[in-house]
Amino acid sequence: MPAQIIGALDVERMLLSVDMRAKKRAVRRIYDEAQKIAEIASQMAPRDEGYLEKAIKVSPASLERARDELGRFTRTDVFVYVDEDMVVPTPSGKPKRVGDYAYMVHEWVTPYGMKNLGPLSVLKQMNSPYVVGGGFLERAADMRVDELVAGVADDLSEEF
């Protein structure tokens, strides 16, 4: 006696819909956490003129999902980064880029390196709940990683 399966296509559509909604929530969570990481990193970054703080950005700038030539959603990558090409005006009129000093600051300024904070960074530290100084991107990400992982896990398992 043959078995009759009723609603198999409906079940398949439902599972695809659940999968798409869960992925969309997870990507939104990742993007929101990236925004928080960028904000914290900006508060942790040493200050001279403030350009390094402004150069900490999230890519993509907005969360609009792109599609490929077949209409399928493409992979969404989210980055928190220092815009090294951001131009910094100088008194001499010869502009420099944030990238000219961002790596040195991130890697060599205390608490990651041996260089001390400058006077404006010390002042910023006095009014900050975070440790101001080198390693600001890594330290900010480390602060949020547990919330990010737990939130994405919740988003992906919520439907089941």
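The values are calculated or read from the model by the stated rules, or taken from the named source; none is laboratory data. Since the structure is predicted, the reported quantities are computational estimates derived from the model, not experimental observations. Using ideal geometry, Cβ is built from the backbone for each residue, glycine included, and neighbour counts are taken over all protein chains shown. Calculation scope for accessible area: heavy atoms of the full protein, side chains included, ligands and nucleic acids excluded. Shrake-Rupley method; radii C 1.70, N 1.55, O 1.52, S 1.80 Å.
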On the principal axes of its Cα set, how long, how wide and how thick is the range 58-133? Give whole Å, largest value first.
55, 35, 22
Cα axis of helix 8-44 to longest principal axis of the chain: angle in degrees, 0 to 90, nearest 10?
10
Quick calc: nm separation of the 7 Å Cα→Cβ label points for Arg28 and Met126 -> 4.3
Within the range 34-57: backbone nitrogen closer than 15 Å to the Asn116 label point (7 Å, Cα to C-beta)
none
Largest-first ellipsoid semi-axes for the range 18-79, taking √(5λ) over the Cα gyration tensor eigenvalues, angstrom:
30, 13, 6
Label the range 98-159 by shape, choosing from rounded, prolate and oblate, from the square roots a ≥ b ≥ c of the eigenvalues of the Cα gyration tensor; if a/c is under 1.5 it is rounded, and otherwise prolate applies when a/b is larger than b/c, oblate when it is not.
prolate
How large is the helix-only mean residue ellipticity at 222 nm for the chain, computed as the sum of -39500 (n - 2.57) over DSSP H runs with n ≥ 4, divided by its residue count, in deg cm²/dmol to the nearest 500?
-16000 deg cm²/dmol
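Just subtract the alpha-carbon distance of Arg67 and Asp154 from 0.36 nm times their residue separation and send over the number in nm, one decimal. Each step should come with its number before you reach the end.
Values: separation 87, 0.36 × 87 = 31.32 nm, distance 2.58 nm.
Taking Arg67 through Asp154 to full extension adds about 28.7 nm, to one decimal.
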Let me spell out the model: positive unit charges on the Cβ of Lys and Arg, negative unit charges on the Cβ of Asp and Glu, origin at the Cα centre of the chain. What dipole size does that give, in debye rounded to 20?
380
Semi-axes of the equivalent ellipsoid for the chain, please: Cα gyration tensor eigenvalues, times 5, square-rooted, ordered largest first, whole Å.
45, 19, 10
Can you sort Glu49, Glu69 by solvent-accessible area, 1.4 Å probe, largest first?
Glu69, Glu49
